[in-house]
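Quick one: the structure is below, and I'll ask about it shortly.
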Amino acid sequence: MSGPVWKRSTDGPFTCDICLAETGNAYLEGYVKDARFHVIRVLCEDCYRNNVHLLQKAS
């Protein structure tokens, strides 16, 4: 499997990359390399839910 990977994390605090809100729960976009998850982008639950249509891979 290649490409971005999303995971939900509850061990914040996080700052959303879209709305800049501080949150304890977030969706993290990243990639796995050498068995470690490397974060590229952080979205709060509201921004993830409101933009999920932009985040899904088109088939």
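The values are calculated or read from the model by the stated rules, or taken from the named source; none is laboratory data. Not measured: the values here are computed from a predicted model. All Cβ positions, even for glycine, are placed from backbone atoms using ideal geometry, and neighbour counts span all protein chains on display. What goes into the accessible areas is simple: the full protein's heavy atoms, side chains included, and nothing from ligands, DNA or RNA. Shrake-Rupley method; radii C 1.70, N 1.55, O 1.52, S 1.80 Å.
Six or more apart or on different chains, Cβ under 6 Å: which pairs go from a residue in segment 15-26 that's open to solvent by 50 Å² or more (accessible area, probe 1.4 Å) to one that's assigned to a loop (DSSP other than H, G, I, E, B) and not charged (D, E, K, R)? Could you list them?
Partner pairs satisfying both residue conditions: E22/P13; N25/T10.
So which residues in segment 27-38 are charged (D, E, K, R) and open to solvent by less than 40 Å² (accessible area, probe 1.4 Å)? So that I can check it myself, show each step before the final result.
Of the residues in segment 27-38, the ones charged (D, E, K, R) are 29, 33-34, 36.
Matches in segment 27-38: E29 only.
(1) modelled with pLDDT of 90 or more; (2) surrounded by 14 or more Cβ atoms within 10 Å (Cβ to Cβ): which one isn't true of V5, the others all being true?
All conditions pass for V5, except number (1).
So which pairs qualify, if the first residue must be in segment 44-59 and modelled with pLDDT of 75 or more, the second must be open to solvent by less than 50 Å² (accessible area, probe 1.4 Å), the Cβ gap must be under 6 Å, and the two must be at least 6 apart or on different chains?
Here the result reads C44/C16; C44/A21; C44/T23; C44/A26; C47/C16, each pair linking segment 44-59 to a residue that is open to solvent by less than 50 Å² (accessible area, probe 1.4 Å).
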